[in-house]
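Worksheet for the structure shown next.
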Amino acid sequence: MEPTVNIFRLMRSDQGTLGKLYYSNFSCYTLELPWRDNKRNISCIPAGEYESKIRISPKFGKVYWLTEVENRSFILMHSGNWAGDVDKKFKSHVNGCILLGQKRGLLAGQLAVLNSRITVKRFVRMMGGNPFKLDIYETF
């Protein structure tokens, strides 16, 4: 039976959708794009249940990939700091993916996750490269 990882989305603004990921004794912050009706490259994905498996990304290395996301492709859990609405002049390191970070805070005056690269590496190592089910919940 596949393990289940949970993300609880805590707040949403034009600077991004902040959440908290939990699995066993591991937790970290997540940052995704604001909700824009699941539109490609500008929106976070809908809350729900997803299958995830390891993928080697040319840009990010070993990361997890959410498969079978409706109307979307290559949704990864990778490193980065920002996930703001670029049409509203915020910075973003994603086109729909999920950023992981040890801390949350402000970076250059914008909501960000911090210590992201090490957090992604720890998460991938902890999951052992094994597939898992990801459940995303909205708590706001």
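Quick look at the numbers
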read-out	value
The range 1-25, residues that are of a type in the set (G, A, S) and surrounded by 15 or more Cβ atoms within 10 Å (Cβ to Cβ)	G16, G19
C28 vs. criteria surrounded by 15 or more Cβ atoms within 10 Å (Cβ to Cβ), without any contact (Cβ under 8 Å) to a residue 60 or more places away in the chain and of a type in the set (A, V, I, L, M, F, W, C)	no
Qualifying residue in the range 31-49 (condition: farther than 21 Å from I118 by Cα, in contact (Cβ under 8 Å) with a residue 40 or more places away in the chain, in a strand (DSSP E or B) and of a type outside the set (A, V, I, L, M))	yes
Given (1) surrounded by fewer than 19 Cβ atoms within 10 Å (Cβ to Cβ); (2) among the β-branched types (V, I, T); (3) in contact with a His (Cβ under 7 Å, 6 or more places away or on another chain), index of the condition V63 fails	(1)
Positions within the range 66-91 being touching a residue at least 60 places away in the same chain (Cβ under 8 Å) and surrounded by fewer than 21 Cβ atoms within 10 Å (Cβ to Cβ), in sequence order	D85, K88, F90
Test for E70: is it within 23 Å of F140 (Cα to Cα), among the acidic types (D, E) and assigned to a strand (DSSP E or B)	no
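Read-outs: derived from the displayed coordinates by stated rules, not from any lab. On a predicted model such as this, the values are computed, not experimentally measured, just so you know. All Cβ positions, glycine included, derive from the backbone under ideal geometry; neighbour counts span all protein chains shown.
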